[in-house]
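The block underneath contains the structure these notes are about, expressed in structure tokens.
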Amino acid sequence: MSTPLLQVENLSVSFNTEDGVVKAVDGVSWSIEAGQSLGIVGESGSGKTVGGLTLLGLTRSGRTTVSGRAMFEGSDLVSMGDASLRAVRGKGIAMIFQDPLSSLHPFYRVGDQIIEAIQAHSQTPKKVARARAAELLALVGIPDPKARLDAYPHEFSGGMRQRAMIAMALSNEPRLLIADEPTTALDVTVQAQILELLDRLRRELQMALVIITHDLGVVAETAEQVAVMYAGRIVEQSPVNELFSQPMHPYTWGLLRSIPKLTGPRDEALLPIPGRPPSLISRPKGCAFAERCAYAEDACRLTDPLLATTADGRRSACLIPHERRMAAWPALAAGGTEADALKVVRGTK
Amino acid sequence: MSEPVLKVRDLVKHFPITRGVVLQREVGAVRAVDGVSFDVAQGETLGLVGETGCGKSTTARMLARLIDPTSGEIEFDGENLSGIKGRALKEARRQIQMVFQDPYSSLNPRKRVGSIIEEPLRIHGLLSEGDARRKRVQELMDRVGLNPEHYNRFPHEFSGGQRQRIGVARAIALGPRLLIADEPVSALDVSIQAQILNLLKDLQKDMGLTIIFIAHDLSVVRHMCDRVAVMYLGKIAEIAPNEDLYSHPRHPYTEALLAAVPSPEPGRSGRTRALLGGDVPSPANPPVACRFHTRCAYADAICSAEEPFLVQRDGSVAACHHPLSG
């Protein structure tokens, strides 16, 4: 295996607040190679966004403590000075955000904002930069790009704004694009267009893509590898097909069982995960998911499970032996009860 | 289908576009809802789906009479709601309640939860002040899965899912017959979303509620609704029983919407997708004839010349010149 494009090792981010220290990201490791795509899924407060922001130094402040390493093309993003990090931002790694309206400046023309992004990293003459901006708008599928350069963000629809944001992110040909909930604010039809666009760009430009989302459907369509986060940590990482066909972690099971589906039998009650995520200020002893987990044993409330790698290179953090978990999923996937699955997990059936 | 409890006929809402500051003159109108008709049976759940700006929320707000329709009729339980005012309107609102999308902005942050849930009782002068109301509020809190002891807490002390439970408790406080849920779970995490959906289904069973369920998430709508109306630019494109709509969409727009939903089954993602191009045209200036013809893969000359009417084929009713065959 070649050296990964970005290798995140044991990244932790905590915020000092009035209520205490919030451990938003708690020892997360992952890596991505050129042209690959990684999905990071999790619920609100799982640390998926903070992790992404931290890579670009966007969480730096007097109240934030960051530890760990993030090696990008031979240098560490965590310990890098602000000036060198600014050179990486946009050029090495670009990021797009959830809300395309608040990410664009309402007073400036879209074209000028893209030109600014181009000129931030190179001494490109305005004329050349403008032509390049038009090319970029064409690349992301905005019709009549030359005329659209002079439009203001409010003249664009939500989907077009997100396309413009992507165009801006691509302006310096980044090797890695971090997309944080890029389609959450958009309609499904437009979402489908944007996901298709991101996938096409990744293939054509050999750009690595990290897609951060709460939507398992989005992950299923765009990511090759998926990391599932819970309470600031990765609890499972699997290739996308395996994540959906043989999920390893009880939290992933819960997520998959709680979403209504577009096909298959209907009318069965949904199976929500009871309770809610723990406080990130006082992390419970043992496994953070134990309180909501139907399979938790006494040991789960005492011992913090490590993220262990299986023979086929997947990772999961659960104290229940791997074989027993794998034996329990098929019945759950078919809509079986947790009580039956528990017997399999405990080895009494 | 049993006798409909809610009948909506030719409902229209135009928001005027004005120019000028002092002498405002009308230069056009956003045709948010432009002639919508449907029936809802007692105890049924009707889903309203469509893209942003298709008029689904405006329709909901007119049904609750939060805004007045430009024209058209809303008949609830044999009574015409569209023109009523004052006491009659207040009385009607006891029967029709609403749950909103954002559990953060729909609860007054300065009021205690007990007082928020009690408010409908207070407005309608139900139960005597003090213990009786407090007891009723605590029953309601218990019913929606909140700890009744948290009566004196403020909204910020609750999580998003719990806040939405507060919103539901407030909506059922008067024992309404029609509940309008406008994107009730779209602000919630998936694991919490399922809790609220199950709660709504339980309440419907217990109270015999009729529900109008608005959502942009087609899989959530499939799970919740008996029938689904698909709206496009202020009009109904197709209305059909749940099974028919999802297995045999008749309107090309329904087909395109379904194809766009990302599937949490990676095996299916290899399918060739009929991607809908472009954006929804402006409702201030909608396309003539069939409003969908500018984005439709099947459109031909007639689609830009003549407006299609809603026509029944099997169980589905669709407004299309070239309906898809099952």
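Matching residues to (1) surrounded by 20 or more Cβ atoms within 10 Å (Cβ to Cβ); (2) modelled with pLDDT of 90 or more; (3) more than 25 Å from A:GLN206 (Cβ to Cβ):
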residue: A:SER37; (1), (2), (3): yes, yes, no
residue: A:SER44; (1), (2), (3): no, no, yes
residue: A:GLY47; (1), (2), (3): yes, yes, yes
residue: A:GLY52; (1), (2), (3): yes, yes, no
residue: A:ARG63; (1), (2), (3): no, yes, yes
residue: A:ALA83; (1), (2), (3): no, yes, yes
residue: A:VAL88; (1), (2), (3): yes, yes, no
residue: A:ILE96; (1), (2), (3): yes, yes, no
residue: A:ASP99; (1), (2), (3): no, no, yes
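So if I check each of A:ASP187, A:ASP215, A:ASP150, which one is more than 9 Å from every other protein chain (Cβ to nearest Cβ) and among the acidic types (Asp, Glu)? Within the list A:ASP187, A:ASP215, A:ASP150, the selection yields A:ASP150. Within the stretch B:68-102, the set of residues being under 15 Å from B:VAL40 (Cα atoms) and aromatic (Phe, Trp, Tyr) comprises B:PHE76 only. For the stretch B:56-101, how many residues are within 19 Å of B:ALA32 (Cβ to Cβ) and not in a helix (DSSP H, G or I)? Qualifying residue count for the region: 16. Evaluated against (1) farther than 23 Å from A:VAL22 by Cα; (2) more than 22 Å from the chain's Cα centre (by Cα), A:GLY313 falls short on exactly one condition, (2). Among residues of the stretch B:110-128 being under 20 Å from B:ASP142 (Cα atoms) and hydrophobic (A, V, I, L, M, F, W, C), the one that is modelled with the lowest pLDDT is B:LEU127. Here B:VAL311 qualifies as assigned to a strand (DSSP E or B), surrounded by fewer than 16 Cβ atoms within 10 Å (Cβ to Cβ) and modelled with pLDDT of 90 or more.
Restricting A:LEU197, A:LEU256, A:LEU271 to residues that are surrounded by fewer than 23 Cβ atoms within 10 Å (Cβ to Cβ), facing chain B (nearest Cβ under 8 Å), assigned to a helix (DSSP H, G or I) and among the aliphatic types (A, V, I, L, M) narrows the list to A:LEU256. If you go through the stretch A:232-253 and pick out every residue that is small (Gly, Ala, Ser), within 13 Å of chain B (Cβ to nearest Cβ) and in contact with a strand residue (DSSP E or B) (Cβ under 8 Å, 6 or more places away or on another chain), you end up with 1. I'd like the residue in the stretch A:200-239 that is under 13 Å from A:GLY42 (Cα atoms) and assigned to a helix (DSSP H, G or I) and, out of all such residues, is nearest to the chain's Cα centre (by Cα). The qualifying residue nearest to the chain's Cα centre (by Cα) is A:VAL219. Scanning the stretch B:169-211 for residues that are of a type in the set (D, E, K, R) and either within 14 Å of chain A (Cβ to nearest Cβ) or under 14 Å from A:PRO260 (Cβ atoms) (or both) yields B:GLU183, B:ASP189, B:LYS201, B:ASP202, B:LYS205.
Checking each residue in the stretch A:115-137 for being over 12 Å from A:SER171 (Cα atoms) and either in a helix (DSSP H, G or I) or basic (Lys, Arg) (or both) picks out A:LYS126, A:LYS127, A:VAL128.
Only one of the numbered conditions (1) over 28 Å from the mean Cα position of the chain (by Cα); (2) assigned to a helix (DSSP H, G or I) is not met by A:ASP150, and that is (2). For B:GLY53, the requirement of being in contact (Cβ under 8 Å) with a residue 12 or more places away in the chain, closer than 22 Å to B:PRO286 by Cα and either aromatic (Phe, Trp, Tyr) or part of a loop (DSSP other than H, G, I, E, B) (or both) is met.
The values are calculated or read from the model by the stated rules, or taken from the named source; none is laboratory data. Note that the structure is predicted; figures quoted are calculated from it, not measured. In this analysis, Cβ positions are derived from the backbone assuming ideal geometry, glycine residues included, and neighbour counts consider all displayed protein chains.
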